[in-house]
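Q: Quick one: structure below, then a few questions.
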Amino acid sequence: MLNLPRWATDCLRRAEPETGEAPRPLALWERQRGAMRLVAVDALAARAGLHPEQSLADARALCPQLAVHEIDRPRLAAGFAEFADWHSNASPIVSVLTDMAAYGDLCLDITGVDHLFGGETRMLETLTDRLQRSGFTVAGAIAPTVGAAWALARFVPGQIVEDDPGAALAGLPVAALRLEDRQLAGLQQMGLKQVGQLYGRDRKALQARFGASLITRIDQALGRLEERPVPRLPAAERHVERRFAEPIGLLDDVLMCARDLAIRLGVQLEAEGMGAQGFHLFLYRVDHKVMTLSVNAARATRDPEHVARLFANRVERLAGEYDAGFGIDMIRLAASSVSEVDPAQVGAFDTGDGAADLDRLYDRMSNRLGPLAVLRTKFVNSHIPERAAKLEPVIARTADDPQAVPDAHLPRPLRLLPAPEAITVTAEVPDGPPAGMVWRRIGYRFRKASGPERIAVEWWRPGEGALTRDYFIAEDDGGRRFWIFREGLYGETARPGWFMHGFFA
Amino acid sequence: MQGRKQQQVERLRARIAALEARPALAETAAPARPSGGLLATAPGLLHEIFSPEPRNGGAALGFALGQARGLLTPQRPALLVMQLSREARDMGLPYGAGLVHFGIDPGAVVLTRVETVTELLWAIEEATCCRAVAAVVADISGYHKAIDFTVSRRLGLRAASAGTSVFLLRYGDGREASAAKLRWRVTPAPSGEVKLDARAPGGPRWRVVLEKGRLGPGADGREHLVDWTGHDFVLVDGRGSGNGAGAAGEAPLSGAEPAALGHRLSETG
């Protein structure tokens with residue numbers, strides 16, 4: 001657990017260019033119920049006696065040289081989320097604890113990663129050191145439960161508890177349990193000042209007096225109740241990473257590295273007989289930001305060449321948005337949606353039916369052009385023509401409904417307009433085809449026509465008020481065959497409208 | 001002895017055709033498609049299909065799909081239709097149920113809608129290189145500076161090396177320099193008569209001229225009136241009602257389609 005109590009002001013201070021003069025105290029204020037109150041103060045301001053909840057006028061009186069800014073919560077929250085993501089270079093599971101403050105508490109699950117840093121103590125030192133060096137006020141602690149780690153980070157920074165959080169917490173004030181103000185005041189009144197004093201109490205009585213949340217907090221801190229913070233980034237099942245002594249910046253270098261990582265990941269997956277459908281490239285910038293590139297494959301794969309090409313295509317699509325900032329010091333390639341893959345399938349370009357080749361082609365096209373650019377027809381059991389054939393991304397193929405395949409005898413046009421266009425018809429006969437029309441300001445005379453094919457409203461769909469359509473195939477004197485319809489029967493509506501809907505071959 | 005010589009000649013001819021990336025001519029080895037008809041083309045060619053106006057888009061697409069249908073094989077089961085999304089709004093999107101009616105398995109057709117011409121050319125090239133794609137049909141209704149001789153040459157070479165046919169649907173009367181092996185001019189033609197109903201439009205019919213390239217004796221330079229039977233093209237003799245005659249004269253490819261065709265005719269009639 002990392003606690004950054006002054007993150008908002010630290011972050012602002014970092015963003016502002018350094019000036020030669022001595023730094024001024026900094027505070028952020030917000031309008032709360034009509035009053036301007038401080039919500040965050042930096043270390044200098046705190047030393048001058050300022051604290052959150054103070055009114056802005058009081059603060060200015062106490063500390064005339066105070067620099068103040070109005071707080072921009074959405075921006076800070078987004079900034080903190082990015083900051084949290086960046087910490088996934090230490091541990092893949094990072095979450096932001098928001099139940100006490102919108103930002104300031106980072107929770108890292110370091111199960112199984114601490115040995116990479118040379119033990120828990122060294123890891124904690126590394127993480128806090130690198131933040132302190134960049135100007136953040138930070139305190140950290142390691143404990144078996146989220147609740148205990150939170151308490152230790154606040155009250156005993158630097159503490160590492162291997163097991164039995166109960167003993168470590170016993171001497172801390174009750175505020176270490178993440179309680180509400182009301183609950184804290186009540187406990188004070190009863191003389192319960194330390195966490196240890198709560199251990200032996202009758203749980204029912206405590207619950208009746210302070211609410212169920214107190215019991216929950218105690219149980220969470222002691223590990224009787226499991227607490228799982230939501231990870232910011234989806235936990236990757238398999239990943240490989242590479243750190244750089246010198247930050248890299250060129251896109252080509254990144255792609256080359258991605259290819260190397262794909263080979264390593266491929267070996268890892270092959271050993272397990274697995275393949276993956278999603279691949280994510282995380283680029284950790286030195287300035288505490290993470291860029292994510294994701295590609296998806298239609299079928300599980302572990303072929304490094306294919307994965308590298310998908311990333312190369314994906315990168316072409318982002319061209320202008322790539323910004324390495326001051327450089328990238330770590331790259332991680334993670335695989336998601338991992339499933340078993342038939343070993344024969346991998347790398348085999350000669351599988352007879354070419355299905356694998358096609359899937360690769362669709363993967364490349366979808367990743368370069370966007371998933372909504374490569375589509376297949378999926379039939380839906382409906383009589384309404386535009387509803388009967390839905391377009392869905394090829395790489396997100398769903399099962400076909402055998403009932404929905406249209407009857408080949410029904411005359412349907414080769415091209416369908418996405419939205420029917422209104423036309424003006426001439427020499428209209430009730431219930432018959434027109435003799436001509438004006439469409440897109442050009443007049444047409446029909447030589448032949450057949451119909452009507454009547455398509456009624458799907459009455460089981462509520463609230464559309466749509467009208468019955470009569471479809472006609474009309475051929476003009478040039479041989480063009482159109483699919484036009486009249487919306488509304490004579491009698492159903494006063495003035496039926498005519499529309500162009502499609503073109504036959 | 002005679003047989004061996006014959007075989008050698010055949011082999012050499014095939015090699016020359018492959019080198020020149022030309023359609024196998026009528027006098028060379030066995031025809032590329034058994035039920036080819038006069039207008040059948042070999043795979044691996046770049047076609048341009050011109051139609052005078054964008055409103056003939058249905059006819060142009062139909063002709064291209066008709067050509068492409070013959071190229072589908074179990075090894076090459078896919079057919080890609082590409083459009084610019086802003087043009088797709090005007091020209092209409094290929095419609096699944098319409099494909100079924102036309103005689104093409106909609107499961108084989110994949111639609112691609114892209115935003116820019118650069119992306120379109122990239123997509124055509126990428127798809128052409130794939131050996132599991134039978135044909136790429138691209139709709140290009142406007143004039144685009146990016147599409148020039150170099151691009152067509154490039155596509156032509158890609159098509160020849162991968163054996164995938166490319167059909168560029170172009171509109172208008174202007175002809176730019178291009179390296180396409182075959183250039184067609186396709187216009188819709190008034191349909192033939194339907195039995196029992198003189199007022200009903202018949203099946204697809206085109207007026208087709210092969211403006212550039214050679215297919216075989218009798219196919220070049222002349223205007224042909226062509227009907228679609230649901231699985232192949234049939235020539236219609238100028239005056240008569242070719243529809244019925246063509247359907248009857250054509251040897252059935254498989255059991256299901258001619259039956260369906262017959263049923264359709266009698267139903268519309």
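Each reported figure results from applying straightforward, stated rules to the coordinates on display, with no laboratory input. Just so it is clear, the structure is predicted and the values come from calculations on it, not from any experiment. Positions of Cβ are generated from backbone atoms using ideal geometry, with glycine treated the same way; all protein chains shown enter the neighbour counts.
Q: Note down the net charge around B:Ala88, summing +1 for each Lys or Arg and -1 for each Asp or Glu among other residues with Cβ under 13 Å from its Cβ.
A: Values: positive: A:Arg415, B:Arg86, B:Arg89, B:Arg113; negative: B:Glu87, B:Asp90, B:Glu115, B:Asp139.
That sum, taken over residues with Cβ under 13 Å, equals 0.
Q: Taking Cα centroids, how far is the range A:421-458 from the range B:180-235 in Å?
A: Comparing the Cα centres of the range A:421-458 and the range B:180-235, I get a distance of 26 Å.
Q: Could you list which residues have their amide H under 5 Å from that of A:Asp287, counting only those 5 or more apart in sequence or on another chain, with H placed in the peptide plane?
A: A:Phe326
Q: With labels modelled as points extended 7 Å from the Cα through the Cβ direction, what inter-label distance (nm, one decimal) is found for B:Cys129 paired with A:Glu321?
A: 2.4
Q: Tell me, what does the Kirkwood hydrodynamic radius of the protein assembly as shown come to in angstroms if you use every pair of distinct C-alpha atoms? Intermediate results must be reported in sequence, preceding the final value.
A: Working: mean 1/r = 0.0314 Å⁻¹.
Computed over the protein assembly as shown, the radius equals 31.8 Å.
Q: Right, another one. Roughly how many nanometres apart are two label points built 7 Å out from the Cα toward the Cβ at B:Glu53 and B:Ile16?
A: The two pseudo-label positions are separated by 4.5 nm.
Q: Okay, next question. Over the range B:76-197, calculate the relative contact order: mean separation of alpha carbon pairs under 8 Å at least 6 apart, over the residue count, as a percent. Display every interim value, and only then the final one.
A: Values: 159 pairs, mean separation 33.6, N = 122.
Normalised by residue count, the contact order of the range B:76-197 is 28 percent.
Q: Note down the relative contact order for the range A:147-294 as a percent, whole number, built from C-alpha pairs under 8 angstrom at least six residues apart. Don't jump to the answer; show the numbers that get you there.
A: Numbers: 106 pairs, mean separation 23.8, N = 148.
Answer for the range A:147-294 is 16 percent.
Q: Measuring from a point 7 Å past the Cα of A:Glu270 along Cα-to-C-beta, which residues in the range A:323-343 have an amide N at less than 18 Å?
A: The answer is A:335, A:339-343, whose backbone nitrogens lie closer than 18 Å to the label point.
Q: Which ³J(HN,Hα) values, rounded to whole Hz and listed in residue order, are derived for the range A:148-163 from phi using the Karplus coefficients 6.51, -1.76 and 1.60 in 6.51 cos²θ - 1.76 cosθ + 1.60 with θ = phi - 60°, glycine and proline given as x?
A: 5, 5, 4, 4, 5, 4, 7, 9, 10, x, x, 6, 10, 10, 6, 8
Q: Further, regarding this structure: Tally Lys/Arg at +1 and Asp/Glu at -1 over every other residue whose Cβ is under 11 Å from the Cβ of A:Leu214; what's the total? Write out the running numbers ahead of the final one.
A: Details: positive: A:Arg178, A:Arg182, A:Arg201, A:Arg203, A:Arg209, A:Arg217; negative: A:Glu180, A:Asp219.
Charge balance in the 11 Å sphere: +4.
Q: Using θ = phi - 60° and the Karplus relation 6.51 cos²θ - 1.76 cosθ + 1.60, list the HN-Hα couplings for the range A:258-275 in order, rounded to whole Hz, with x at every Gly or Pro.
A: With coefficients 6.51, -1.76 and 1.60, one gets 4, 5, 4, 5, 4, 5, 5, 5, x, 4, 4, 5, 5, 4, 9, x, 10, x Hz.
Q: May I pose another question? If R0 is 35 Å, what FRET efficiency do you get for A:Ala77 and B:Arg154 from their C-beta distance, rounded to 0.05?
A: On the way: r = 50 Å, r/R0 = 1.42.
After rounding to 0.05, the efficiency reads 0.10.
Q: Which value in nm describes the separation of the simple spin-label points at A:Glu305 and A:Met190, placed 7 Å from the Cα toward the beta carbon?
A: 7.0
Q: Assuming R0 = 60 Å, can you tell me the calculated FRET efficiency for the pair A:Val286 and A:Ile455, based on Cβ-Cβ distance, to the nearest 0.05? List each step's numbers first, then the result.
A: Numbers: r = 62 Å, r/R0 = 1.04.
Rounded to the nearest 0.05, the efficiency is 0.45.
Q: Hey, with R₀ at 45 Å, roughly what FRET efficiency would A:Asp202 and A:Gln32 work out to, going by the Cβ-Cβ distance, to 0.05? Working shown, then result.
A: Numbers: r = 38 Å, r/R0 = 0.85.
So the FRET efficiency works out to roughly 0.70.
Q: Out of all Cα-Cα pairs in the range B:118-177, roughly what percent, to the nearest whole number, are more than 19 Å apart?
A: Summing the P(r) of the range B:118-177 above 19 Å gives 25 percent of all pairs.
Q: Any chance you could give the angle, 0 to 90 degrees and rounded to 10, that helix A:212-222 forms with the longest Cα principal axis of chain A?
A: Between the helix axis and the principal axis of chain A, the angle is about 70 degrees.
Q: Then there's this: Relative to the longest principal axis of chain A, what angle (0 to 90°, nearest 10) does the C-alpha long axis of helix A:304-318 take?
A: 90
Q: Per 10 Å bin, what is the whole-percent P(r) computed from every C-alpha pair distance within the range A:1-82?
A: Here the calculated profile for the range A:1-82 is 18, 50, 29, 3.
Q: To continue, here is another question. Count neighbours as other Cβ atoms within 10 Å of each site's Cβ, and list the chymotrypsin sites (Phe, Trp or Tyr not before Pro) in the range A:393-460 that are DSSP loop with at most 12 such neighbours. All intermediate terms of the calculation are to be shown ahead of the outcome.
A: Details: sites: A:Trp439, A:Tyr444, A:Phe446, A:Trp459, A:Trp460; in loops: A:Trp459, A:Trp460.
For chymotrypsin sites (Phe, Trp or Tyr not before Pro) across the range A:393-460 that sit outside H, G, I, E and B with at most 12 neighbouring Cβ atoms in 10 Å, the list reads A:Trp459, A:Trp460.
Q: A:Lys378's amide H: which non-local residues (gap 5+, or another chain) put their own amide H closer than 5 Å, with H modeled 1.01 Å from N in plane and none for Pro or chain starts?
A: A:Lys390, A:Leu391, A:Glu392
Q: Could you go through the range A:418-432 in sequence order and give the Karplus-derived ³J(HN,Hα) for each residue, using 6.51 cos²θ - 1.76 cosθ + 1.60 with θ = phi - 60°, rounded to whole Hz, and x for Gly and Pro?
A: x, 10, x, 9, 5, 10, 9, 9, 10, 6, 7, 10, x, 6, x
Q: What residues have an amide H closer than 5 Å to that of A:Met36, excluding those fewer than 5 places away on the same chain, when H is modeled at 1.01 Å from N in the peptide plane?
A: Correct list: A:Leu56.
Q: Here is a further query. Percent relative contact order of chain A, based on C-alpha pairs within less than 8 angstrom and at least six residues apart? Don't skip to the end; give the middle numbers.
A: Working: 889 pairs, mean separation 44.7, N = 505.
For chain A, the relative contact order is 9 percent.
Q: What does the helix-only formula give at 222 nm for the protein assembly as shown: each DSSP H stretch with n ≥ 4 adding -39500 (n - 2.57), the total divided by the residues, and the result rounded to the nearest 500 deg cm²/dmol?
A: Mean residue ellipticity, 222 nm, calculated: -9500 deg cm²/dmol.
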